[in-house]
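The values are calculated or read from the model by the stated rules, or taken from the named source; none is laboratory data. Given the structure is predicted, the values throughout are model-derived calculations rather than measurements. Here the Cβ positions follow ideal geometry from the backbone for every residue, glycine too, while neighbour counts run over all protein chains shown. Areas reflect the complete protein model, heavy atoms only, side chains present, ligands, DNA and RNA absent. Shrake-Rupley method; radii C 1.70, N 1.55, O 1.52, S 1.80 Å.
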Amino acid sequence: MSFLQLLWFVLIGVLFAGFFFLDGFDYGVGMVTVTLTSNEAERDQMVRTIGPVWDGNEVWLITAGGAMFASFPYWYASLFSGYYIILMLVLVGLIIRGVSFEFRAKSPMPRKRIWDWALGIGSFMAPFFLGVMFISMIQGMPIDANGNFHATFFDYINWFSVVGGVALTLLTYLHGLNYIALKTAGDIRQRANNVAQFLYWVLYVGLVVFALMLIFMTDFMKVHPVATIVMLVVMVALTIIAQVAAIKGKELTAFIASGLTLVALVVLLFVGLFPRVLISSISPRYDLLIQNASSTQYTLTVMTIATCCLLPFVLAYTIWAYWIFRKRIAMPVVTEAK
């Protein structure tokens, strides 16, 4: 395995981590819009908190897929063909979520509720099915020597993958609640904080179940025991920090900690996979490895140079956008359409 192969494996992990940190709270806010708000003014307030940034946050997922296509074409080909239906469901969620912002803004008051639900359902579908995909992937899938999937329904949908989907959805929901507490003014701010404090107790139970399933239903403890335990401890520690911060009203700390919990989850999955990118349940000989799934050294070199040139501008723009829209969002006054 070369340095550039390792570098791009890490960079893809960083892109997914950035996606879940940034777009994770977007999904949480979308779900909160239909579960915690009590009137149209509060729903408008929720949409305004993510309106300027949600589409930029989503680019991290597109970039991760594009980087995988260019740097690990064999990984991309096997993953996207093997998870075609699940990724289509993710895409449907992203589409109905994306169009909901435009249609609810142009719809009369009675019809806005339809697009509020589209936002909530789309915001649920994306993290849930991404969680199902990643967790079934680390369990191992029936992949042959050519990288083709021979999977049945229960290879994709099983107890562990569903727990993973629910866990990721809950993490994004909590991340969204912390973002709302940080970003809003009014009654919804305290309500979001109170619900977050309660849901952390649910999350502790979920983390225990997830950890036990990870230990007994994957080979992570066999191939990377120390790193697996460390990352599980880090996730629990960050969850405790987020809950304590929420109780003390330290909203920025709670938001950062909940985001880093999602980052820690991505690190856990990528460290457990290493040096593989796909695990075959048929035979370890059919595992897809970093060293035989990547592009040529020349391609990786060109990509690295291009990334070094473009990344500072992307990061600068992202930081600038969040700085410009840093103020809290107050609840707007909503008038009935005639």
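For region 228-247, does any single residue satisfy the condition of being without any contact (Cβ under 8 Å) to a residue 24 or more places away in the chain, closer than 30 Å to residue 42 by Cα, under 21 Å from the mean Cα position of the chain (by Cα) and assigned to a helix (DSSP H, G or I)?
Yes, region 228-247 contains a residue that is without any contact (Cβ under 8 Å) to a residue 24 or more places away in the chain, closer than 30 Å to residue 42 by Cα, under 21 Å from the mean Cα position of the chain (by Cα) and assigned to a helix (DSSP H, G or I).
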Quiz item: Residue check, residue 144 against (1) over 17 Å from the mean Cα position of the chain (by Cα); (2) closer than 24 Å to residue 43 by Cα; (3) of a type in the set (D, E, K, R), all met but one. Which one?
Solution: (2)
Quiz item: Given the residues 64, 77, 70, which is the only one that is over 28 Å from residue 214 (Cβ atoms), of a type in the set (A, V, I, L, M) and touching a residue at least 40 places away in the same chain (Cβ under 8 Å)?
Solution: 70
Quiz item: Any residue at all in region 107-129 that is at pLDDT 90 or above, in contact with a His (Cβ under 8 Å, 6 or more places away or on another chain) and either part of a loop (DSSP other than H, G, I, E, B) or not hydrophobic (A, V, I, L, M, F, W, C) (or both)?
Solution: no
Quiz item: Does region 201-211 contain at least one residue that is touching a Pro at 6+ places or on another chain (Cβ under 9 Å) and either closer than 22 Å to residue 262 by Cα or of a type outside the set (A, V, I, L, M) (or both)?
Solution: no
Self-check item: Only listed residue being out of contact with any Gly (no Cβ under 9 Å at 6 or more places or on another chain), of a type in the set (S, T, N, Q) and either open to solvent by 20 Å² or more (accessible area, probe 1.4 Å) or within 30 Å of residue 74 (Cβ to Cβ) (or both), chosen from 239, 253, 218, 228
Solution: 253
Quiz prompt | Given (1) open to solvent by less than 30 Å² (accessible area, probe 1.4 Å); (2) farther than 18 Å from residue 132 by Cβ; (3) in a helix (DSSP H, G or I), number of the condition residue 94 does not satisfy | solution = (2)
Quiz prompt | Subset of region 41-70 [among the polar types (S, T, N, Q) and more than 21 Å from the chain's Cα centre (by Cα)] | solution = 45
Quiz item: Within region 136-175, how many residues turn out to be open to solvent by 30 Å² or more (accessible area, probe 1.4 Å), among the β-branched types (Val, Ile, Thr) and under 30 Å from residue 49 (Cβ atoms)?
Solution: 3
Practice problem: Have a look at 324, 329 and point out the one that is in contact with a Lys or Arg (Cβ under 6 Å, 6 or more places away or on another chain) and under 30 Å from residue 179 (Cβ atoms). | Solution: 329
Self-check item: Considering residues of region 256-279 that are free of Cβ contacts under 8 Å to residues at least 40 places away in the same chain and within 19 Å of residue 7 (Cα to Cα) only, the residue surrounded by the fewest Cβ atoms within 10 Å (Cβ to Cβ)
Solution: 276
